[in-house]
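A short write-up of the structure that comes next.
The values are calculated or read from the model by the stated rules, or taken from the named source; none is laboratory data. Here the structure is a predicted model, which means the values were calculated and not measured. Here the Cβ is made from the backbone with ideal geometry for all residues, glycine too, and neighbour counts use every protein chain on show. Calculation scope for accessible area: heavy atoms of the full protein, side chains included, ligands and nucleic acids excluded. Shrake-Rupley method; radii C 1.70, N 1.55, O 1.52, S 1.80 Å.
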Amino acid sequence: MRDLANLVITMVVIAALSALALAQINEMTKGPIAENKKRELVAALKDVLPPFDNDPSAEIKEVVTGKDKKGKDVKTVFYLAKQGDQLTGTAFRSLNREGYAGDIWVLVGVDATGTISGIKIVDHKETPGLGDKYTKQSWYDLFKGKNLDNARIAVKKDGGDIDYVTGATITARAAATAVKDGLESFRKEFGNVQTDR
Amino acid sequence: MSRLIGEFSKGLWKENPLLVFVLGLCPALAVSSTAANGLGMGLASTFVLTSSNLVVSACRKVIPANVRIPAFIVIVATFVTVTDLVVQAFFPALSKSLGIFIPLIVANCIILGRAESFASKNSVVMAGMDGLGMGFGFTVALTVLAAIREILGSGTLFGSVLFGENYQPMLTMVLAPGAFIALGILLAIMNKINAMKKAK
């Protein structure tokens with residue numbers, strides 16, 4: 001009986017001390033971790049959006065853009081870029097699940113007319129040295145200035161305008177599709193309006 | 001004093017956890033695609049190993065033998081979580097490149113292995129030196145492995161481009177097969193050197 005009590009007390013004490021230590025460290029790192037995430041987002045938004053003087057990471061519009069397999073609402077966050085009171089563009093994340101190794105998330109920035117001002121692949125699991133050849137500004141630049149009306153946003157192999165690397169087509173295709181789907185989703189929500197909504 | 005140094009230095013060559021005990025293969029193979037990642041992972045593992053060795057040794061007389069494994073695991077997991085949070089907060093670039101392999105340090109056999117076979121049976125100071133030595137041995141082996149893979153597989157070292165435009169990297173080296181091949185060659189070289197030393 002005394003052995004059992006010994007076991008229990010030891011484990012409880014160890015667990016309690018562990019919990020205390022973790023709670024303390026969590027408190028101390030919460031702030032810097034949130035700041036890092038915000039800094040990353042702000043830098044990415046700066047890369048893909050037209051010029052702005054507000055804080056797009058804070059001015060957002062959350063829209064239900066569809067339903068997932070379980071019937072729950074799928075929300076997309078639109079980051080609003082403004083100059084003064086004028087909406088100059090917005091950025092949003094678009095997902096394509098058909099990457100070579102899974103989900104690819106692309107941050108798409110458009111100006112107020114729905115024309116791409118910049119894109120950035122923000123999350124992927126593609127093969128290093130192959131699929132990740134597209135995570136370069138030179139590939140992102142291929143999308144600038146395109147929209148659903150003036151270009152075919154697909155890889156050249158599929159009849160589109162976007163270059164790709166032989167042997168790494170799937171990644172490019174998935175990323176391009178993510179951009180195209182994102183633009184279509186944007187058009188549905190915002191139309192081609194210039195004014196603030 | 002020489003005993004202390006002995007406990008530390010055995011982990012560097014004679015009892016190198018990666019190249020002699022062949023432990024910690026999972027993180028070693030998975031993150032050694034760049035030298036910076038190898039070094040980062042090695043240092044993070046060294047911190048966890050040394051801290052858990054110290055705590056396990058300090059508690060060795062009060063932890064009942066039949067709950068020692070769960071107790072060790074809670075201790076190791078606590079330090080791993082601390083490391084994960086600190087790296088996320090203050091070294092975000094490293095956190096992004098190592099990804100889930102930092103939390104996976106908890107499954108690194110070296111750590112539980114040293115806790116059970118050494119730290120729980122030796123003094124705090126010895127356990128600390130063992131942790132540091134094993135950790136540094138692991139770090140050096142991992143960084144060398146990663147450097148080889150990075151130079152051959154990407155043509156860079158710690159991110160600096162080494163060769164000219166026309167260098168075609170051996171892509172396999174940064175993928176899984178290359179990891180096994182590079183590690184195998186390292187083990188073979190290590191064994192050969194040890195055999196030659198013995199023959200002297």
ask   = Only one of B:51, B:57 is within 18 Å of the chain's Cα centre (by Cα), open to solvent by less than 20 Å² (accessible area, probe 1.4 Å) and more than 28 Å from residue B:157 (Cα to Cα); which?
value = B:51
query = Which residue, of B:63, B:69, is out of contact with any Asp or Glu (no Cβ under 7 Å at 6 or more places or on another chain) and crowded, with 20+ Cβ neighbours inside 10 Å?
reply = B:63
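Pick from B:48, B:62: which is of a type in the set (A, V, I, L, M, F, W, C) and free of Cβ contacts under 8 Å to residues at least 12 places away in the same chain? Steps first, please.
Details: B:48 fails: free of Cβ contacts under 8 Å to residues at least 12 places away in the same chain.
Just one listed residue meets the conditions, B:62.
Would you point out the residue of the range A:1-58, among those that are among the small types (Gly, Ala, Ser) and farther than 30 Å from residue A:111 by Cβ, that is nearest to the other protein chains (Cβ to nearest Cβ)?
This residue is A:18.
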inquiry  = Let me confirm something: among B:186, B:98, which residue is closer than 21 Å to residue B:43 by Cα, within 16 Å of the chain's Cα centre (by Cα) and within 14 Å of chain A (Cβ to nearest Cβ)?
reply    = B:98
message = Can you say whether residue B:159 is at pLDDT 85 or above, of a type in the set (Gly, Ala, Ser) and closer than 28 Å to residue B:49 by Cβ, as far as the supplied structure shows?
response = no
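Which members of the range B:46-74 meet the condition of being of a type in the set (Val, Ile, Thr), within 7 Å of another protein chain (Cβ to nearest Cβ) and in a helix (DSSP H, G or I)?
As a first pass, look at the range B:46-74 and keep what is of a type in the set (Val, Ile, Thr): B:46, B:48, B:50, B:55-56, B:62-63, B:67, B:69, B:73-74.
The next check asks that each one be within 7 Å of another protein chain (Cβ to nearest Cβ); those that pass are B:62-63, B:67, B:74.
If the condition is that a residue be of a type in the set (Val, Ile, Thr), within 7 Å of another protein chain (Cβ to nearest Cβ) and in a helix (DSSP H, G or I), then B:67, B:74 are the ones that fit.
Would you tally the residues in the range B:107-146 being open to solvent by less than 20 Å² (accessible area, probe 1.4 Å) and in a helix (DSSP H, G or I)?
Here is the first cut: in the range B:107-146, the residues open to solvent by less than 20 Å² (accessible area, probe 1.4 Å) are B:108, B:110-111, B:115, B:119, B:127-128, B:130-131, B:133-135, B:137-139, B:141-142, B:145-146.
From what is left, the residues that are in a helix (DSSP H, G or I) are B:110-111, B:115, B:119, B:127-128, B:130-131, B:133-135, B:137-139, B:141-142, B:145-146.
Residues in the range B:107-146 being open to solvent by less than 20 Å² (accessible area, probe 1.4 Å) and in a helix (DSSP H, G or I): 18 in total.
In the range A:139-176, which residues are among the basic types (Lys, Arg) and part of a loop (DSSP other than H, G, I, E, B)? Reasoning before the result, please.
Let us first name the residues in the range A:139-176 that are among the basic types (Lys, Arg), namely A:144, A:146, A:152, A:156-157, A:173.
Once the filter is applied, which keeps residues that are among the basic types (Lys, Arg) and part of a loop (DSSP other than H, G, I, E, B), the range A:139-176 yields A:144, A:146, A:152.
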The range B:162-183 - residue that is within 14 Å of chain A (Cβ to nearest Cβ), open to solvent by 60 Å² or more (accessible area, probe 1.4 Å) and not polar (S, T, N, Q) and, of those, farthest from residue B:19 (Cα to Cα) = B:167
request  = For the range A:50-63, state whether one or more residues are of a type in the set (A, V, I, L, M, F, W, C), more than 17 Å from residue B:93 (Cβ to Cβ) and modelled with pLDDT of 90 or more.
outcome  = no
query = For the range B:67-99, how many residues are more than 23 Å from residue A:8 (Cβ to Cβ) and aliphatic (A, V, I, L, M)?
reply = 9
